[in-house]
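Student: Before anything else, here's the structure in question.
Where a number appears in this text, it was derived from the coordinates with a stated rule and is not lab data. Small disclaimer: the values here were computed from a predicted structure and weren't measured. Cβ coordinates were reconstructed from backbone atoms using ideal geometry, including for glycine residues, and neighbour counts include every protein chain displayed.
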Ligand code: IPM
Ligand code: MN
């Protein structure tokens with residue numbers, strides 16, 4: 001039997017409901033794959049503010065570092081929106097990413113054939129799209145100094161070092177080697193020095209990967225190309241803020257942001273979370289889509305634990321529930337046979353994943 005410990009950060013809004021479904025699925029496949037996963041809960045975001053007076057209590061970082069991986073739901077909500085920046089729930093998440101040095105955020109975008117009509121884009125445009133956004137996560141505009149809000153003036157700094165660009169570029173090229181061997185590096189090198197350094201560095205790293213086709217694209221053009229012809233992309237590598245924006249945009253190829261998982265990885269630690277937020281407006285109603293969270297757990301099995309077969313069980317089970325027409329409310333309008341709750345969706349995926 002293989003044993004793993006997972007730090008569980010439920011967070012705010014729909015976070016707790018979707019995490020519960022991911023655990024349900026993990027427990028179901030553990031039996032089949034002879035795994036023993038033990039969970040250790042930690043507080044982050046709004047719930048941590050309520051219980052501990054800070055968005056990231058020190059023990060959360062300890063628990064996260066002592067576990068083999070971190071599974072994270074979502075944070076934030078209107079209740080904490082008016083707090084100063086360094087006390088907001090989001091600051092907790094950014095500090096956690098930084099503490100774990102998970103510099104590479106992998107956001108795969110898959111279009112499920114069963115949901116081809118769920119996208120607002122034309123089926124012929126999106127059918128067969130399969131891309132991954134590799135977003136730099138611990139640098140750039142989110143973390144650059146100086147920053148500040150001083151009366152009539154406020155400022156942030158977009159800064160990257162060559163080392164930071166090298167390691168994310170290398171990660172993107174390695175991922176592309178296992179896919180269709182194409183990398184699109186997205187920047188704003190026609191305006192920003194930081195993007196010029198980004199581009200030069202990506203070109204240098206490309207020398208080590210002669211089999212990869214590399215192209216550079218300005219971020220404004222990339223935003224347009226993503227909806228014009230998403231099939232042209234394989235691996236998109238970009239900085240923190242551009243990656244944040246482009247991955248939300250790309251999620252609409254799949255029809256619902258409730259479907260897309262992510263993995264944040266570094267040299268040592270791994271943080272697995274859906275790309276969507278805490279959706280406070282629908283929290284506690286049992287209508288949230290747990291698929292992005294469950295698919296994030298599958299990414300954890302694959303990337304962190306090397307448990308490919310267990311991960312495949314989950315991915316196949318997700319395809320099967322969609323094929324059979326089970327839909328949560330966000331995707332209910334599209335070829336639904338039955339509209340199910342968050343928990344029913346989790347149970348179905350757990351059941352199918354263990355039957356496979
Ligand atoms: C994301 C989120 C976060 C980000 C927020 C909640 C800080 O939008 O994971 O994409 O901007 O990185
Ligand atoms: Mn985002």
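Student: Given a Förster distance of 41 angstrom, what is the FRET efficiency for residue 180 paired with residue 155, based on the Cβ-Cβ distance and rounded to 0.05?
Tutor: On the way: r = 40 Å, r/R0 = 0.98.
Once rounded, the FRET efficiency stands at 0.55.
Student: Given a cut-off of under 8 Å on Cα pairs at least six residues apart, what relative contact order in percent is computed for the chain? Spell out each step's value before the answer.
Tutor: Numbers: 788 pairs, mean separation 81.3, N = 356.
It rounds to 23 percent for the chain.
Student: Using a Gaussian network for the chain with springs between C-alpha atoms less than 10 Å apart, which of these wobbles most: 288, 28, 154?
Tutor: Sorting by GNM fluctuation, first place goes to 154.
Student: By DSSP, what percent of the beta bridges with both residues in region 118-277 are antiparallel, rounded to the nearest 5? Each step should come with its number before you reach the end.
Tutor: On the way: 9 of 23 bridges.
Bridges in region 118-277 that DSSP calls antiparallel: roughly 40 percent.
Student: Per residue, how big is the convex hull of region 96-177 when only Cα atoms are used? Give it in Å³. Before the final figure, lay out the partial values.
Tutor: Working: hull volume 14.2 nm³, N = 82.
Enclosed volume per residue, from the Cα hull, is 173 Å³.
Student: Before anything else, pin down the relative contact order of region 55-195: Cα pairs under 8 Å, at least 6 apart, normalised by residue count, whole percent. Working shown, then result.
Tutor: Numbers: 125 pairs, mean separation 22.6, N = 141.
It rounds to 16 percent for region 55-195.
Student: Can you give the extra length, in nm with one decimal, that the chain gains between residue 2 and residue 312 once fully stretched, where that is 0.36 nm per residue apart less the Cα-Cα distance?
Tutor: Working: separation 310, 0.36 × 310 = 111.60 nm, distance 1.73 nm.
Value of the extension gain: 109.9 nm.
Student: Compute the whole-percent fraction of alpha carbon pairs in the chain spaced more than 30 Å apart. Could you put the intermediate results ahead of the total?
Tutor: Values: 23003 of 63190 pairs.
Distances greater than 30 Å cover 36 percent of the Cα pairs.
Student: In Å and whole numbers, how far do the C-alpha atoms of region 7-52 stretch along each principal axis, longest first?
Tutor: Principal extents (largest minus smallest coordinate, Cα): 38, 18, 9 Å.
Student: Going 7 Å from the Cα of residue 39 in the Cα-to-Cβ direction, what parts of region 287-329 have a backbone nitrogen less than 13 Å from that spot?
Tutor: Label zone hits: 294, 297.
Student: Within a 10 angstrom radius of the beta carbon, how do 344, 307, 21 rank from fewest other beta carbons to most?
Tutor: Details: 344 17, 307 20, 21 24.
Fewest-to-most Cβ neighbours within 10 Å comes out as 344, 307, 21.
Student: Within a 10 angstrom radius of the beta carbon, how do 1, 51, 299 rank from fewest other beta carbons to most?
Tutor: Working: 1 7, 51 10, 299 24.
By the 10 Å Cβ count, ascending: 1, 51, 299.
Student: Okay, next question. For region 130-252, what does the equivalent ellipsoid look like in terms of its semi-axes, each the square root of 5 times an eigenvalue of the Cα gyration tensor, given largest first in whole Å? Display every interim value, and only then the final one.
Tutor: Details: eigenvalues 129, 59, 27 Å².
Working from the Cα gyration tensor, I get semi-axes of 25, 17, 12 Å.
Student: Neighbouring Cβ atoms within 10 Å as the yardstick, rank 252, 300, 224 fewest first.
Tutor: On the way: 252 19, 300 30, 224 13.
Ranking 252, 300, 224 by Cβ neighbours within 10 Å, fewest first, gives 224, 252, 300.
Student: Next question, about the same structure. Given R₀ = 22 Å, what would the calculated FRET efficiency be for residue 356 paired with residue 112, taking r from the Cβ atoms and rounding to 0.05?
Tutor: Working: r = 17 Å, r/R0 = 0.78.
With a Förster radius of 22 Å, E is 0.80.
Student: Would you mind calculating the relative contact order of region 1-138 from Cα pairs under 8 angstrom and at least 6 residues apart, reporting the percent as a whole number? Write down the numbers at each step before the final one.
Tutor: Details: 222 pairs, mean separation 34.7, N = 138.
Once normalised by length, the contact order is 25 percent.
Student: Rounded to the nearest 5, what % of DSSP beta bridges with both residues in the chain are antiparallel?
Tutor: Working: 19 of 49 bridges.
The answer is about 40 percent antiparallel.
Student: Tell me what the chain gives for mean residue ellipticity at 222 nm when only DSSP H runs of n ≥ 4 count, each as -39,500 (n - 2.57), the sum divided by the residue total, rounded to 500 deg cm²/dmol.
Tutor: Values: 12 runs with 145 residues, N = 356.
The per-residue figure over the chain is -12500 deg cm²/dmol.
Student: Cα extents of region 229-345 along the three principal axes, largest first, in whole Å?
Tutor: 42, 31, 31
Student: Moving on to the next point. Quick check: Cα centre of region 277-299 to Cα centre of region 1-71, how many Å?
Tutor: Here the two parts' Cα centres lie 14 Å apart.
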